[in-house]
Structure formats: structure tokens, C-alpha cells
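Okay, so here's the structure we're looking at.
The values are calculated or read from the model by the stated rules, or taken from the named source; none is laboratory data. Keep in mind it's a predicted model, so treat the numbers as computed, not measured. All Cβ positions, even for glycine, are placed from backbone atoms using ideal geometry, and neighbour counts span all protein chains on display. SASA here: full protein model, heavy atoms, side chains in, ligands and nucleic acids out. Shrake-Rupley method; radii C 1.70, N 1.55, O 1.52, S 1.80 Å.
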Amino acid sequence: MGKFVNIGFGNVVNVSKVLAVVNPDAAPIKRMVQSAKEDGRAIDATQGRKTKAVIFLQENQLLLSALQPETITKRIMAGSEYDMKGEENE
């Protein structure tokens with residue numbers, strides 16, 4: 001069973017698929033996000049808000065979140081995860 005972490009607004013990601021969580025402000029990251037959007041590899045979980053974190057996933061996909069990278073990283077490290085039923089475990 002995979003473990004999931006909340007990335008904001010009720011959206012969750014499988015922790016075992018996360019490769020990196022980065023700030024989207026650097027020019028190379030912006031280019032990667034634009035390329036992923038054009039190729040259909042970007043998953044937008046911002047709910048219309050500003051992208052504050054880019055999560056690199058296996059299978060060459062990018063996940064966009066409105067939470068700060070530090071917040072997502074703390075949630076991953078703290079083990080604030082969801083089981084497969086979507087119930088929070090602390």
C-alpha cells in the first residue's frame with residue numbers, strides 16, 4: 001500500500017513517486033514547467049492559485065502545488081500521510 005501526503009486543497013500525492021520538491025522561481029524550473037504543460041506531463045493541483053512548489057514525479061511528470069516546498073517537505077518528513085482510504089494518519 002502506498003502512503004500519500006496532502007499537497008493542498010485536498011489533493012494528495014503518493015510519497016513513493018516523489019523525486020524532488022522545488023521552488024518554481026528559477027528560470028530552468030519555469031522552462032521545465034512550461035515544457036511539461038505543452039507535453040501534457042504537468043498536473044496542476046493549485047486550484048487556480050499561484051504555483052509555489054513543483055513536485056517532480058517518477059514517469060517524467062510534474063505536479064504543481066500552491067503550498068510552499070518547505071510545507072510539503074515537512075509533511076513528508078513528519079509522516080503526515082494518508083492511507084489508501086484517504087484517512088489521515090499521524
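Using 0.36 nm per residue and subtracting the Cα-Cα separation, the extra length available between residue 15 and residue 31 on full extension is 3.3 nm.
In a reduced charge model with +1 at each Lys and Arg Cβ and -1 at each Asp and Glu Cβ, segment 1-51 shows a dipole moment near 80 debye about its Cα centre.
Only protein atoms count toward the accessible area here, which uses a 1.4 Å probe; on the chain, the carbon and sulfur part of that area reaches 49 percent. Mean residue ellipticity at 222 nm from the helices of the chain, using -39,500 (n - 2.57) per DSSP H segment of n ≥ 4 over the full residue count, to the nearest 500 deg cm²/dmol? After summing the helix terms and dividing by the residues of the chain, the value is -8000 deg cm²/dmol. Expressed per residue, the C-alpha convex hull volume of the chain stands at 92 Å³. A simple count of charges around residue 17, restricted to other residues whose Cβ falls under 11 Å of its Cβ and scoring Lys, Arg +1 and Asp, Glu -1, yields 0.
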